[in-house]
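Q: There's a structure below that I have some questions on.
The values are calculated or read from the model by the stated rules, or taken from the named source; none is laboratory data. These numbers were taken from a predicted model, which means no experiment stands behind them. Neighbour counts are summed over all protein chains in view; Cβ atoms, including those assigned to glycine, are modelled from backbone coordinates with ideal geometry.
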Amino acid sequence: MSESHHSFFMPHYVYILQSLKHQGYYCGSSADVDVRLQKHNSKATPSTKTGVPWAVRRIIICESKREALQLEIQIKKRGIGRWMNDHPE
């Protein structure tokens, strides 16, 4: 009896937010950007509570959580503003 293997795509996202209060950027990754944005804007995330309200400036779709985390690290190392200038939409 043969076994069928089903592969499926579990996207993960890297998102870049911009504070509408102080114009600073924040970069994170998540499987659900809408839920994360709500948490950031409800001040439930200590690192972003002083910048509320936040708006999404960029969403990058990745094939896996691992890929998303690697890209998030690259963006943060480069500097979010510089990375966005280097990678216009």
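Q: Please name all residue pairs, on different chains or six or more residues apart, with Cβ atoms under 9 Å, provided the first residue is in segment 60-89 and is of a type in the set (S, T, N, Q) and the second residue is surrounded by 13 or more Cβ atoms within 10 Å (Cβ to Cβ).
A: As it stands, the answer is 64/12; 70/62; 74/83, since those pairs meet every condition given.
Q: Here is a check on your reading of the model: is residue 70 in a helix (DSSP H, G or I), in contact with a helix residue (DSSP H, G or I) (Cβ under 9 Å, 6 or more places away or on another chain) and either modelled with pLDDT under 95 or of a type outside the set (D, E, K, R) (or both)?
A: no
Q: Closer than 12 Å to residue 15 by Cα and surrounded by fewer than 16 Cβ atoms within 10 Å (Cβ to Cβ): which single residue out of 34, 86 fits that description?
A: Only one candidate passes the filter, namely 34.
Q: Can you name every residue in segment 26-55 that is of a type in the set (Lys, Arg) and part of a loop (DSSP other than H, G, I, E, B)?
A: Once the filter is applied, which keeps residues that are of a type in the set (Lys, Arg) and part of a loop (DSSP other than H, G, I, E, B), segment 26-55 yields only 43.
Q: Still on this structure, I have one more. Checking the conditions here, which among 29, 47 is of a type in the set (Ser, Thr, Tyr) and surrounded by fewer than 18 Cβ atoms within 10 Å (Cβ to Cβ)?
A: Residue meeting the stated conditions: 47.
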